[in-house]
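Worksheet: one structure, shown below.
Quick note: the coordinates plus some simple rules give every number you see, no bench work behind them. Because the structure is predicted, anything quoted here is derived from the model rather than measured. Ideal geometry is used to build each Cβ from the backbone, glycine not excepted, and the neighbour counts take in all protein chains shown.
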Amino acid sequence: LFIGFVRWLTLASCLGLLGACGVKAPPKPPKYKPPPAVKNLRYQIEAEQVTLTWEIDLPADQALIDSLVGVRIYRSRVPLSDVDCQACPLLFERVREIPLALTERNASGAAIMQFSEQLIHGYGYTYKVNLLGRLETEGPDSNYVDFIYE
């Protein structure tokens with residue numbers, strides 16, 4: 001009788017372990033709203049220097065505004081001999097990360113920011129800008145601006 005009870009207890013324990021196998025659902029990231037996209041990226045070339053200007057439509061949610069920490073500026077620079085290569089991918093490098101400045105506004109209330117850098121003759125340039133949130137989250141790419149600087 002005792003041996004039967006031990007076998008039953010062992011079987012029940014094994015079935016209990018199989019039922020609680022420890023497999024859990026995949027982890028879920030915390031819910032957050034990604035930073036919005038930068039709008040209306042444009043450029044101006046003057047005195048061997050490019051100045052990028054863009055707008056940021058600020059969300060109504062103050063917590064989302066407070067989570068924005070800066071912008072990242074990316075550049076692709078290609079020698080003129082490779083500019084016409086349609087099959088070549090655009091390889092961007094991070095040029096600069098600058099803190100968010102929300103002081104200058106346009107007529108519609110969007111924040112306006114700028115960035116300038118020297119250009120090198122003989123290259124094709126493409127730029128994009130992304131908003132940066134806390135924990136290194138980036139918003140979607142802005143529109144691209146591209147030009148040739150001979």
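Details
- Residues in segment 50-58 carry Karplus couplings, in order, of 9, 10, 8, 10, 8, 10, 10, 6, 7 Hz; the curve used is 6.51 cos²θ - 1.76 cosθ + 1.60 with θ = phi - 60°, and Gly or Pro positions show x.
- Estimated distance in nm for a label pair at Ala25 and Ala101, the labels positioned 7 Å out from Cα along Cα-to-Cβ: 4.6
- HN-Hα J in Hz across segment 64-77 - Karplus 6.51, -1.76, 1.60, θ = phi - 60°, x for Gly and Pro: 5, 4, 5, 7, 7, 10, x, 10, 10, 10, 10, 9, 10, 10
- Taken one residue at a time, the phi angles of segment 88-105 give Karplus couplings (6.51, -1.76, 1.60, θ = phi - 60°) of 6, x, 7, 9, 8, 10, 6, 8, 7, 10, 10, x, 5, 10, 10, 7, 8, 10 Hz. Gly and Pro are set to x.
- Over segment 27-148: Rg over Rh, Cα atoms, Kirkwood Rh: 1.02
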